[in-house]
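Each remark here refers to the structure printed beneath this line.
The values are calculated or read from the model by the stated rules, or taken from the named source; none is laboratory data. Note that the coordinates shown come from a computational prediction; the quantities given were computed from them, not determined experimentally. We place every Cβ from the backbone using ideal geometry, glycine too, and count neighbours over all the protein chains shown. The accessibility values were calculated without ligands, DNA or RNA, using every heavy atom of the protein model including side chains. Shrake-Rupley method; radii C 1.70, N 1.55, O 1.52, S 1.80 Å.
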Amino acid sequence: MSSAATEAQSHRQTYFRVFVALCVLTALSVAADAIKLSNPWVLRSIILSIATAKAMCVMLFFMHLKFEKAWKYLLLAPTIVLAISLPLALASDVGFDYYIDETPQAASFEQQNRNWDNHNGASRIGDNRGSDPATKTDSAATTNP
Amino acid sequence: MTHTAPTPALRMGIPIPHGKLGMWLFLGTEIMFFTAIVGTYIVMRLGSRGWPTDVNVTYINVYLGGLNTFVLIVSSYFVVLAHDSMHDKNYFQARKFLWWTALLGVVFLGIKGIEYKGKFDHGILPGKIAETNRQAMTMMVDQLTNTYDRQLAALAPKGTPVADQATLLTAEMNRLSDKGDRSPADEARLAQLKAVAKLELAANNLRDHVRAEVTLELPQDQLNALRAQSMTDSAVTRPAAIKLEEVQHFIEDLHHDTELAPLVGHLHPITPMLYGNLFASNYFFMTGFHALHVVIGLILFGVVLVPGRLSASWSLYVENVGLYWHFVDLVWIFLFPLIYIVQW
């Protein structure tokens with residue numbers, strides 16, 4: 001067997017091992033979800049580490065980055081710096097979360113947390129909150145029998 | 001020997017083919033593109049209290065997502081084998097592996113389509129989701145009213161103005177029920193008209209109660225009396241407020257009514273989903289752009305597969321398509337845990 005053929009054979013073996021590793025890692029992340037961990041941050045760390053490991057497998061072996069020359073750093077370094085800085089720039093937004101309490105959904109969330117059954121609006125009976133024309137016709141019909 | 005192998009022209013820059021350099025630069029921009037989308041999703045999700053994570057509400061199916069992950073990994077493996085076969089000059093085998101890759105891409109889109117269909121069937125679309133109890137109740141009223149309008153239009157003679165449909169059909173119903181000797185056709189028509197009339201009562205009943213925010217336990221006529229009274233007397237005692245569960249049961253009960261069940265076939269109780277619209281926007285934006293990349297990948301595979309036999313001249317093309325396809329797989333590797341698994 002020529003050395004080229006042996007090399008090709010070993011390539012194939014590497015690819016197959018990487019493929020099996022990717023499948024196992026996928027199964028692991030589904031399993032991590034299935035066991036319902038009590039601490040969500042543990043689950044987050046586990047599955048994002050698994051995702052990173054899978055990404056590294058794909059990039060290093062399937063995309064041949066492991067075997068490429070130094071040009072890969074020249075091309076990928078600026079991209080990765082920009083890609084990382086974008087979520088970091090947004091992270092201050094997450095950190096201060098200054099806008100949360102102003103959303104109508106947040107108010108509604110609070111209201112649902114309180115007992116909805118105790119909801120006792122001060123609005124008048126027949127008070128129309130809807131803005132559709134049908135509502136207006138409806139109230140007009142009530143006033144002019 | 002007069003013939004020597006031509007010396008490659010000396011050139012500046014990175015020692016890889018221009019096509020490959022172009023593909024890598026493109027993938028660099030793609031990394032930033034998807035990082036921006038995923039980063040936005042994370043910001044929105046962490047900044048929203050009460051993000052929908054209940055799979056019975058969001059219809060996120062971790063097993064379908066996992067299956068799709070597997071499908072993409074296998075296709076990624078096949079495309080690397082195709083590239084390897086090109087390198088070995090085994091073009092027949094390379095073509096076979098490329099076909100398998102493309103087929104798996106189609107399978108991925110099929111599973112994605114099943115997921116999208118499930119979302120559409122449950123009304124999970126950006127801007128179409130009720131987020132509060134009030135919105136859910138109003139939405140059920142609207143759907144019931146629309147159903148009534150459609151049934152009315154279906155029974156009325158073609159071309160009847162919408163405003164006259166109800167009057168015309170009421171007259172027909174009264175005429176038929178006064179008629180002494182009804183033929184079987186008359187009986188059937190009368191039953192249809194009666195069912196729609198009953199549907200109108202139900203729709204009006206629900207609408208009035210929801211608009212007035214008064215419990216359905218108060219009968220319609222008493223509600224009408226109360227509303228008339230409240231127009232002049234602001235000190236009227238307010239009855240109990242309507243609850244979401246009441247409206248949901250009202251819609252469910254329509255299906256148990258033998259007369260109405262055939263008319264309200266597709267109506268279903270609505271459960272509000274807080275931040276559901278933001279969730280749906282993010283879900284469809286991320287998975288939609290990924291699916292678009294899969295479609296483009298399939299077109300690129302079509303370019304190499306459709307013309308027929310492969311040859312050495314396709315080597316660089318297959319390598320570049322392979323790089324692109326691995327990137328599509330890479331994006332899914334991150335989307336899968338972030339969308340399907342993480343319960344923040």
Requested in this report: First obtain the Kirkwood hydrodynamic radius of the protein assembly as shown from its Cα pairs, then insert it into the Stokes-Einstein equation at 4 °C and 1.567 mPa s, and state the resulting D in µm² per second as a whole number.
Outcome: 47 µm²/s
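Based on the Kirkwood radius over alpha-carbon pairs, what is the Stokes-Einstein translational diffusion coefficient of the range A:1-68 at 10 °C with 1.306 mPa s viscosity, in µm²/s? Please list the in-between numbers first.
Numbers: Rh = 13.7 Å.
The Stokes-Einstein estimate is 116 µm²/s.
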Report summary line: Measuring from its Cα centre, the range A:1-66 shows a charge dipole (+1 at each Lys and Arg Cβ, -1 at each Asp and Glu Cβ) which, in debye to the nearest 20, is 80 debye
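Check each of the trypsin sites (Lys or Arg not before Pro) in the range A:13-73 and keep only those in coil by DSSP with at most 13 other C-beta atoms within 10 angstrom; list them in order. Walk me through the intermediate numbers first.
Values: sites: A:R17, A:K36, A:R44, A:K54, A:K66, A:K69, A:K72; in loops: A:K36, A:K69.
Loop-located and lightly packed - A:K36, A:K69.
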Report task. Have a look at B:A228, B:N56, B:G297 and report the one farthest towards the positive end of the charge dipole of chain B, computed about the Cα centre with Cβ charges (Lys/Arg +1, Asp/Glu -1). Result -> B:G297
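How much of the calculated P(r) for the range B:1-112 lies past 16 Å, in percent of all Cα pairs? Each step should come with its number before you reach the end.
Details: 4866 of 6216 pairs.
Value for the range B:1-112: 78 percent of Cα pairs lie more than 16 Å apart.
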**Report entry** Sequence of B:V236, B:V328 when ordered by accessible area, the most exposed leading, probe 1.4 angstrom
**Finding:** B:V236, B:V328
Requested in this report: In vacuum, with every alpha carbon of the range B:206-344 counted as one equal point scatterer, what does the Debye formula give for log10 I(q)/I(0) at q = 0.17, 0.18 Å⁻¹? Two decimals, please.
Outcome: -1.01, -1.05
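In the structure displayed, which of A:K66/B:K96; A:K66/B:K20; A:K69/B:K20 lie more than 18 Å apart, Cα to Cα?
Numbers: A:K66/B:K96 26 Å; A:K66/B:K20 16 Å; A:K69/B:K20 13 Å.
Over 18 Å Cα-Cα: A:K66/B:K96.
Are there trypsin sites (Lys or Arg not before Pro) in the range B:144-244 that DSSP puts in a loop and that have at most 11 other Cβ atoms within 10 Å, and which ones? Working shown, then result.
Working: sites: B:R150, B:K158, B:R175, B:K179, B:R182, B:R189, B:K194, B:K198, B:R207, B:R211, B:R227, B:K243; in loops: B:K158, B:K179, B:R182, B:K243.
Those satisfying the criteria are B:K158, B:K179.
Between B and A, buried accessible area summed over both sides at probe 1.4 Å, in Å² to the nearest 100? Kindly include the intermediate steps, with their values, before the conclusion.
On the way: alone 19660 and 12330 Å², together 25580 Å².
Roughly 6400 Å².
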Query raised in the report: Using the Cα atoms of chain B to build a convex hull, what is its mean projected area in square nanometres?
Result: 30.0 nm²
Query - Dipole magnitude of the protein assembly as shown about its Cα centre (Cβ charges: Lys, Arg +1; Asp, Glu -1), debye to nearest 20 - result: 2140 debye
